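Notes to accompany the following structure.
The values are calculated or read from the model by the stated rules, or taken from the named source; none is laboratory data. Keep in mind the model is a prediction, meaning the values are calculated, not measured. Cβ: placed from backbone, ideal geometry, glycine included. Neighbour counts: every protein chain shown.
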Amino acid sequence: MIHVSSLAIGAGIASVAIISVFLVFGAFNDKPELVVAPTPAIQETGPAQITEATFMENGSPILGDPNAPITVVEFGDYQCFFCNKFFHETEDSLLKNYVETGKVKVIFKDFTIIGADSITAANAAHCASDQGKFWEYHDTLYNHWTGENNGWASSDNLLQFAVELELDTDEFSKCMIDSKHTPSIINSNQDAKDLGLTGTPAFFIIGPDNKVTKIGGAQPYDVFEKIFNSELEK
């Protein structure tokens, strides 16, 4: 896939759309809503099979109450301008009002489209996850963002972030050297492509009735609030 500047991506995917897809059939179609079905044991040939695993696997630990009625799946790139914009302008309010109150749970998935440092940073977050600090490292990455492909997510800096979070740096370094989580990152990228994504950030909101709403781009708080409240009223 040819990477387009995240600025252009953000402008081009600012609309909010409802995804109508039946996972039981395993592909996007013109059905009226989505029903989450178990992942089939054998992947059928042909078009990408969209299943529950497409949203839920190859990502972060769950943030929030695992039994929360609404699930938000975010696809992001740690180097992405608009991902960083969402993190600083919108995410805190969503966490305070919906995640911390048990209404919403969040999963972060990688879509590493900007450059090599995107992949390295994603690996680092998962290596931190091995020590129980995925979300702390995730936040640290966005708090140290300074642009795209300018070196802020270098290996040396990623190790320093691990030190600041008091991780076992020997374990962290081995995880990074071994590229332990690269297969999961590759699979997450494929999940994003199967879902038709071309840019970051992108969000899939799965309601109590398993209907999925797609939000493209760094939308403001009120866009999420409206969807969440609508889903919670059902």
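In segment 221-228, is there at least one residue being surrounded by fewer than 19 Cβ atoms within 10 Å (Cβ to Cβ), over 22 Å from Glu52 (Cα atoms), touching a helix residue (DSSP H, G or I) at 6+ places or on another chain (Cβ under 6 Å) and not aliphatic (A, V, I, L, M)? Within segment 221-228 (the criterion being surrounded by fewer than 19 Cβ atoms within 10 Å (Cβ to Cβ), over 22 Å from Glu52 (Cα atoms), touching a helix residue (DSSP H, G or I) at 6+ places or on another chain (Cβ under 6 Å) and not aliphatic (A, V, I, L, M)), the answer is yes, since at least one residue qualifies. For segment 220-231, the criterion of being of a type in the set (Gly, Ala, Ser), under 16 Å from Gly59 (Cα atoms) and either in contact with a Gly (Cβ under 6 Å, 6 or more places away or on another chain) or assigned to a helix (DSSP H, G or I) (or both) is met by none of the residues. Applying the criterion of being farther than 17 Å from Asp222 by Cα and not polar (S, T, N, Q) to the residues of segment 63-73, the residue that is surrounded by the fewest Cβ atoms within 10 Å (Cβ to Cβ) is Pro66.
Scanning segment 140-150 for residues that are surrounded by 19 or more Cβ atoms within 10 Å (Cβ to Cβ) and on the phi > 0 side of the Ramachandran plot yields a count of 0. Can you find a residue in segment 131-139 that is within 17 Å of Glu74 (Cβ to Cβ), part of a helix (DSSP H, G or I) and of a type in the set (Asp, Glu)? Checked segment 131-139: at least one residue is within 17 Å of Glu74 (Cβ to Cβ), part of a helix (DSSP H, G or I) and of a type in the set (Asp, Glu). One residue alone among Thr146, Thr120, Thr182, Thr140 is farther than 30 Å from Thr54 by Cβ and β-branched (Val, Ile, Thr), and that residue is Thr146. For segment 174-194, indicate whether the set of residues that are without any contact (Cβ under 8 Å) to a residue 60 or more places away in the chain, among the β-branched types (Val, Ile, Thr), surrounded by fewer than 19 Cβ atoms within 10 Å (Cβ to Cβ) and part of a helix (DSSP H, G or I) is non-empty. Within segment 174-194, one or more residues are without any contact (Cβ under 8 Å) to a residue 60 or more places away in the chain, among the β-branched types (Val, Ile, Thr), surrounded by fewer than 19 Cβ atoms within 10 Å (Cβ to Cβ) and part of a helix (DSSP H, G or I). Taken over segment 91-130, the residue count meeting the criterion of being among the charged types (D, E, K, R), in a helix (DSSP H, G or I) and either in contact with a helix residue (DSSP H, G or I) (Cβ under 7 Å, 6 or more places away or on another chain) or within 30 Å of Leu232 (Cβ to Cβ) (or both) is 3. Would you pick out the residues in segment 151-164 that are surrounded by fewer than 12 Cβ atoms within 10 Å (Cβ to Cβ) and part of a loop (DSSP other than H, G, I, E, B)? Result: Gly151, single match.
Restricting attention to segment 96-115 and to residues that are touching a residue at least 12 places away in the same chain (Cβ under 8 Å) and surrounded by fewer than 17 Cβ atoms within 10 Å (Cβ to Cβ), the residue that is nearest to the chain's Cα centre (by Cα) turns out to be Gly115.
Would it be correct to say that Leu167 is buried (at least 17 other Cβ atoms within 10 Å of the Cβ) and more than 22 Å from the chain's Cα centre (by Cα)? Yes, satisfied.
As a summary of the residue check, Ile50 satisfies the conditions (1) of a type in the set (A, V, I, L, M); (2) modelled with pLDDT of 95 or more; (3) in a loop (DSSP other than H, G, I, E, B) except for the one numbered (2). The residues of segment 62-85 that are within 12 Å of the chain's Cα centre (by Cα) and either farther than 28 Å from Asn149 by Cβ or not in a loop (DSSP other than H, G, I, E, B) (or both), listed by number, are Ile62, Leu63, Thr71, Val72, Val73, Glu74, Phe75, Gly76, Cys83. When each of Asp178, Asp139, Asp194, Asp170 is tested for being within 27 Å of Lys103 (Cα to Cα) and either modelled with pLDDT under 95 or out of contact with any strand residue (DSSP E or B) (no Cβ under 8 Å at 6 or more places or on another chain) (or both), the lone residue that passes is Asp139.
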